[in-house]
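Participant: Structure provided below as structure tokens; questions to follow.
Just so you know, all these numbers are worked out from the coordinates, no wet-lab data involved. All figures in this text were calculated on a predicted structure; none of them were measured in a lab. Because the Cβ atoms are built from the backbone with ideal geometry, glycine has one as well, and the counts that use them run over all protein chains shown.
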Amino acid sequence: MAKVATKMKLYKGFVAEYKKRHNPIWPELAALLKSYGISDYSIFLDDETDILFAILTADDPDKLEGLQTEEIMRKWWTYMKDLMETNDDHSPVSVPLVEMFYMP
């Protein structure tokens with residue numbers, strides 16, 4: 001098990017819509033993420049910068065790359081692309097973060 005943390009950029013003025021689209025998350029997307037060994041997944045917002053910070057636990061972080069080939073994942077990215085910075089394939093621009101401290 002490993003913790004994975006990333007940051008993403010939300011477009012200004014879309015906080016409420018971003019939250020609405022995640023509440024509730026699509027059940028088929030949640031099931032897909034769990035099938036990839038993802039658990040304890042949270043996304044936090046820095047409301048001064050509109051930066052989203054995501055942290056999750058993954059059984060095998062290398063396996064997560066396979067998500068990009070999943071139809072439901074690509075459908076979710078397309079659904080969310082108008083709210084945040086995205087790549088050409090509509091996946092969020094996601095910058096990995098390096099763990100600097102951990103207190104168990």
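Participant: Can you confirm whether segment 19-29 contains a residue that is surrounded by fewer than 14 Cβ atoms within 10 Å (Cβ to Cβ), polar (S, T, N, Q) and without any contact (Cβ under 8 Å) to a residue 60 or more places away in the chain?
Facilitator: Checked segment 19-29: at least one residue is surrounded by fewer than 14 Cβ atoms within 10 Å (Cβ to Cβ), polar (S, T, N, Q) and without any contact (Cβ under 8 Å) to a residue 60 or more places away in the chain.
Participant: Of everything in segment 54-96, what is in a strand (DSSP E or B) and more than 18 Å from R21 (Cα to Cα)? Give them in sequence order.
Facilitator: Result: I55, L56, T57, A58, V95, P96.
Participant: Ok, one more. Could you list all residues from segment 30-53 that are among the hydrophobic types (A, V, I, L, M, F, W, C), surrounded by 14 or more Cβ atoms within 10 Å (Cβ to Cβ) and part of a strand (DSSP E or B)?
Facilitator: I38, I43, L45, I51, L52, F53
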